[in-house]
Every structure is written in C-alpha cells, then in structure tokens.
Amino acid sequence: MQVTMELFIVVAALTLIIQAGVLVLLFLQLRRTTESVNKMVGDLHSRIGPILTRTQIMLDETQPKIAALVEDASHIVYLTRTQAQKFDKIATEASDRLRGQLVHIDRILTGTLEAVEDAGASVRRSFWGPVQKVSALVQGIKIGLDVLRSRRSSPGASREPVVEQEDELFI
C-alpha cells in the first residue's frame with residue numbers, strides 16, 4: 001500500500017507540475033494576445049480618431065445649416081398653408097358669386113322667355129284671330145259664289161260636291 005501511496009504522490013506531483021506548466025503557458029499566451037489586442041486597439045484608435053474628429057467638425061459646421069434648413073422648411077410650409085387658405089377663400093367667394101350670377105342670368109332668361117311667350121300669344125290673338133275671321137269670311141263668300149254658280153249652271157244638281165269642297169278647305 002505504501003507503493004501505491006508513493007505512486008499516487010508521484011502522479012499527483014507530476015499532474016501538479018503539468019498543471020503549473022499549462023498555467024504558465026496560458027499566462028504567456030494570454031499576455032501575447034493582450035499585447036496584440038492592445039496594439040490593434042491602438043492602431044484602430046489612431047485611424048478612427050482623425051475620422052471621428054473630422055466627423056465632429058463637420059457636424060459642428062453643418063448643424064447651423066441644418067437648423068436653418070429646418071426653419072426655412074417650416075416657414076415654407078406655413079406660407080404654403082396660408083396661401084392655400086387664401087386660395088380656398090377666393091375660390092369659395094368666386095364660386096358663390098358665379099352661382100349668384102347664374103341665378104340672376106336664369107331669372108333674366110326666364111323673364112325674357114315669358115315675355116316672348118306672352119308676345120307670341122298676343123300676336124296670335126291680335127293677328128291670327130282677325131286673319132282667321134277674314135279667311136272664314138272669304139271662304140264663306142267663295143262657297144256662296146260656288147253655290148250661286150252651281151244653281152245657274154244646273155238647277156237639279158246635288159249639293160254634295162259643294163260640301164266636299166267645304167270639307168277640303170276646312171282641313
């Protein structure tokens with residue numbers, strides 16, 4: 001048992017030495033990696049630093065211009081809205097006036113058409129009434145003359161042709 005114990009101690013010592021060696025190697029590798037990362041960070045910082053500086057300068061220079069652009073855009077929107085409201089007001093007034101003028105024109109045309117219709121009715125009454133009476137009188141005289149002629153030419157002739165002529169003239 002003593003041999004096993006000594007063997008156990010030797011194996012434990014060897015494992016401790018191996019572990020210590022691995023830890024030393026890990027430490028050395030970690031140190032190299034850290035130095036490499038630090039070097040890359042330094043390079044990155046030296047390259048990005050000027051870019052960030054230029055960007056900051058550019059932002060500082062353009063910030064007032066951007067603010068002015070935003071202010072101008074806001075003013076343009078305000079003016080556009082005001083002009084649109086004015087145009088809407090003018091268009092509404094113009095359409096109301098046009099509607100009023102159309103109503104006025106409609107009244108004038110309606111009155112004119114009524115006056116023309118009344119004039120036509122008056123012409124019909126005043127002109128065509130007497131013309132129809134004169135025409136009826138002339139027709140009566142004509143029929144009377146036809147009747148007298150027909151009696152002279154043939155006393156026994158029938159009166160039907162005269163009535164037919166009368167009907168034809170009446171139509």
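The values are calculated or read from the model by the stated rules, or taken from the named source; none is laboratory data. Model, not experiment: these values are computed from the prediction. Cβ placement follows ideal geometry from the backbone for every residue including glycine, while neighbour counts extend to all protein chains displayed.
List of remarks:
- No other residue among PRO161, PRO155, PRO64 is at pLDDT below 95 and not in a helix (DSSP H, G or I) apart from PRO155.
- Enumeration of residues in segment 36-71 that are hydroxyl-bearing (Ser, Thr, Tyr) and exposed (fewer than 10 other Cβ atoms within 10 Å of the Cβ): SER46
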